[in-house]
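S.K.: Here's a structure for you.
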Amino acid sequence: MMNIDLTGKNALVCGSSRGIGKATAMQLADMGANVTLVSRNVEQLGSVMNELDHTKGQKHDFFAADFSDAADLQKKAMALAATKTIHILINNTGGPAGGPANKAGVNEFTSAFNNHLICNHVLVQTFMEGMKKDNYGRIINVISTSVKQPLDGLGVSNTIRGAVANWSKTLANELGAFGVTVNNVLPGATLTGRLQEIIEAKAQKTGKSVDSIQEQMKSAVPMKRFAQPEEIAAAIAFLASPAASYINGINVPVDGGRTKSL
């Protein structure tokens, strides 16, 4: 029988107040994990925590953090690590603003690098010793299909996501011997606030209607629809489970087949 039971495991889910992060937190809790929620919005975090499954005796908590301040994030993560071992780390941060790479300011690249790679790294360094000690670690980075095929109009995101992907592969090589796996989930177009922002920006730039932009984007997907956040969360949750113990150092597109490469 496939083992996806996470009873007794502690998970930290970034960006968990909404969208893919929230759906992932809900799924991990359903599988028995104790979940720590992280995002900037305290009220939304409290609301999500009340929705999490408690039927297996789980103990959930949360803390607010702004990923533009890596030092503050590190301080709060270290305080958490002093109280419990985090076995499952879901790095999930909202993407940078759109626009072509050649028009982006240097500060846009450095800000995105800090918010994504540096903050991910801070969390890994904070929690990896506990994972190694328990011989169980799952580091899952929610990034983008742009690491396989750059997306038009997302110059900064394409660049930074690529850096995160290569950082992840390097960590997978370094930590695998300790029972710690590192994998990336690459969502396609998913019904989240981020997607709505991208659609509205394209509509404004082109003068087309939001509906026409949506249909154009759906037509590029073989399944002819957007993903639900829960569909991305299902892939993340599987990689977090004991069943995925020998899956390490890979990119997993969950995009309905949109990416034109294997």
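The values are calculated or read from the model by the stated rules, or taken from the named source; none is laboratory data. All values derive from a computational prediction rather than experimental measurement. A quick note on method: Cβ atoms are made from the backbone with ideal geometry, for glycine too, and the neighbour counts reach across all protein chains shown.
S.K.: Could you identify the single residue in HIS116, HIS60 that is buried (at least 18 other Cβ atoms within 10 Å of the Cβ), within 24 Å of ASN166 (Cβ to Cβ) and not aromatic (Phe, Trp, Tyr)? Let's see the steps before the verdict.
M.R.: Numbers: HIS60 fails: within 24 Å of ASN166 (Cβ to Cβ).
Answer to the check: HIS116.
S.K.: For the condition under 26 Å from ILE88 (Cα atoms) and either touching a helix residue (DSSP H, G or I) at 6+ places or on another chain (Cβ under 8 Å) or at pLDDT below 95 (or both), what is the one hit in GLY155, GLY176, GLY249?
M.R.: Details: GLY155 fails: under 26 Å from ILE88 (Cα atoms); GLY176 fails: either touching a helix residue (DSSP H, G or I) at 6+ places or on another chain (Cβ under 8 Å) or at pLDDT below 95 (or both).
Going through GLY155, GLY176, GLY249 in turn, the sole match is GLY249.
S.K.: If I filter the stretch 81-102 down to residues being more than 25 Å from ALA235 (Cβ to Cβ) and either surrounded by 16 or more Cβ atoms within 10 Å (Cβ to Cβ) or not basic (Lys, Arg) (or both), which single residue comes out as nearest to the chain's Cα centre (by Cα)?
M.R.: ALA97
S.K.: What single numbered condition from (1) under 21 Å from the mean Cα position of the chain (by Cα); (2) surrounded by 13 or more Cβ atoms within 10 Å (Cβ to Cβ); (3) under 24 Å from GLY21 (Cα atoms) fails to hold for GLN214?
M.R.: With respect to (1) under 21 Å from the mean Cα position of the chain (by Cα); (2) surrounded by 13 or more Cβ atoms within 10 Å (Cβ to Cβ); (3) under 24 Å from GLY21 (Cα atoms), GLN214 is out only on (1).
S.K.: Given (1) at pLDDT 95 or above; (2) surrounded by fewer than 17 Cβ atoms within 10 Å (Cβ to Cβ); (3) of a type outside the set (D, E, K, R); (4) closer than 20 Å to ALA163 by Cβ, where does MET78 come up short, assuming only one miss?
M.R.: If we test MET78 against (1) at pLDDT 95 or above; (2) surrounded by fewer than 17 Cβ atoms within 10 Å (Cβ to Cβ); (3) of a type outside the set (D, E, K, R); (4) closer than 20 Å to ALA163 by Cβ, just (4) comes out false.
S.K.: Would you check which residues across the stretch 232-262 are among the small types (Gly, Ala, Ser), surrounded by fewer than 18 Cβ atoms within 10 Å (Cβ to Cβ) and either under 17 Å from the mean Cα position of the chain (by Cα) or assigned to a helix (DSSP H, G or I) (or both) and list them? Walk me through it before giving the result.
M.R.: As a first pass, look at the stretch 232-262 and keep what is among the small types (Gly, Ala, Ser): 233-235, 237, 240-241, 243-245, 249, 256-257, 261.
Now narrow it down to the ones that are surrounded by fewer than 18 Cβ atoms within 10 Å (Cβ to Cβ): 234, 243, 245, 249, 257, 261.
Those that are among the small types (Gly, Ala, Ser), surrounded by fewer than 18 Cβ atoms within 10 Å (Cβ to Cβ) and either under 17 Å from the mean Cα position of the chain (by Cα) or assigned to a helix (DSSP H, G or I) (or both): ALA234, ALA243, GLY249.
S.K.: Show the residue pairs meeting these rules: Cβ distance below 7 Å; 6+ apart or different chains; first residue within the stretch 172-190 and free of Cβ contacts under 8 Å to residues at least 60 places away in the same chain and surrounded by fewer than 22 Cβ atoms within 10 Å (Cβ to Cβ); second residue of a type in the set (S, T, N, Q) and not in a helix (DSSP H, G or I).
M.R.: Every condition considered, the pairs that remain are PHE178/ASN135.
S.K.: Here's another thing I want to ask about it. Cβ contacts < 7 Å: first residue within 11 Å of ILE140 (Cα to Cα), restricted to the stretch 244-262; second residue surrounded by fewer than 19 Cβ atoms within 10 Å (Cβ to Cβ) and charged (D, E, K, R), any location; separation 6+ or different chain. Result?
M.R.: Correct list of pairs: GLY249/LYS169; ASN251/LYS148.
S.K.: Here's another thing I want to ask about it. For the stretch 135-143, does any single residue satisfy the condition of being modelled with pLDDT of 95 or more, small (Gly, Ala, Ser), surrounded by 22 or more Cβ atoms within 10 Å (Cβ to Cβ) and not in a helix (DSSP H, G or I)? Break it down into steps so the answer makes sense when it comes.
M.R.: Step one: list which residues in the stretch 135-143 are modelled with pLDDT of 95 or more, which gives 135-143.
With small (Gly, Ala, Ser) added as a condition, the list becomes 137.
Subsequent filtering for residues that are surrounded by 22 or more Cβ atoms within 10 Å (Cβ to Cβ) retains 137.
If we keep only those that are not in a helix (DSSP H, G or I) too, we end up with 137.
Checking the stretch 135-143: at least one residue is modelled with pLDDT of 95 or more, small (Gly, Ala, Ser), surrounded by 22 or more Cβ atoms within 10 Å (Cβ to Cβ) and not in a helix (DSSP H, G or I).
S.K.: Restricting attention to the stretch 81-111, which residues are closer than 18 Å to CYS14 by Cα and either in contact with a Phe, Trp or Tyr (Cβ under 9 Å, 6 or more places away or on another chain) or modelled with pLDDT under 95 (or both)?
M.R.: Initial filter on the stretch 81-111 (closer than 18 Å to CYS14 by Cα): 81, 84-96, 111.
Selection gives ALA81, THR85, ILE86, HIS87, ILE88, LEU89, THR93, GLY94, GLY95, PRO96.
S.K.: Output the strands (runs of 3 or more DSSP E) that fall wholly within the stretch 1-99 and possess 1 or more residues being charged (D, E, K, R) and without any contact (Cβ under 8 Å) to a residue 40 or more places away in the chain, or say none. Walk me through how you get there before you give the answer.
M.R.: Values: elements: 10-14, 34-39, 61-64, 88-92.
Because the criterion is at least 1 residues that are charged (D, E, K, R) and without any contact (Cβ under 8 Å) to a residue 40 or more places away in the chain, the strands (runs of 3 or more DSSP E) in the stretch 1-99 that meet it are 61-64.
S.K.: Identify the residue in the stretch 123-132 that is under 16 Å from LEU80 (Cβ atoms) and of a type outside the set (Val, Ile, Thr) and, among all such residues, is nearest to the chain's Cα centre (by Cα). Don't jump to the end; show me each part of the working.
M.R.: Our first condition is that a residue be under 16 Å from LEU80 (Cβ atoms); within the stretch 123-132, this holds for 123-131.
Filter once more, keeping what is of a type outside the set (Val, Ile, Thr): 123, 125, 127-131.
Numbers: LEU123: 13, GLN125: 17, PHE127: 16, MET128: 17, GLU129: 21, GLY130: 21, MET131: 19 Å.
Applying the filter and picking the extreme gives LEU123.
S.K.: Same structure, new question: Hey, among the residues in the stretch 152-164 that are of a type in the set (A, V, I, L, M, F, W, C) and crowded, with 19+ Cβ neighbours inside 10 Å, which one's nearest to LEU123 (Cα to Cα)?
M.R.: To start, the set of residues in the stretch 152-164 that are of a type in the set (A, V, I, L, M, F, W, C) comprises 154, 156, 160, 163-164.
Remaining after also requiring crowded, with 19+ Cβ neighbours inside 10 Å: 154, 156, 160, 164.
Values: LEU154: 26, VAL156: 22, ILE160: 17, VAL164: 13 Å.
Ranking the qualifying residues of the stretch 152-164, first place goes to VAL164.
S.K.: Related question: Please state which one of ALA227, ALA234 is of a type in the set (Gly, Ala, Ser), within 16 Å of LEU186 (Cβ to Cβ) and in contact with a helix residue (DSSP H, G or I) (Cβ under 8 Å, 6 or more places away or on another chain). Talk me through it step by step, then tell me what you get.
M.R.: Working: ALA227 fails: in contact with a helix residue (DSSP H, G or I) (Cβ under 8 Å, 6 or more places away or on another chain).
Unique residue meeting the criteria: ALA234.
S.K.: When the residues of the stretch 191-211 are narrowed to those that are among the β-branched types (Val, Ile, Thr) and farther than 25 Å from ALA163 by Cα, which ends up surrounded by the most Cβ atoms within 10 Å (Cβ to Cβ)?
M.R.: Per the criteria, the residue is ILE199.
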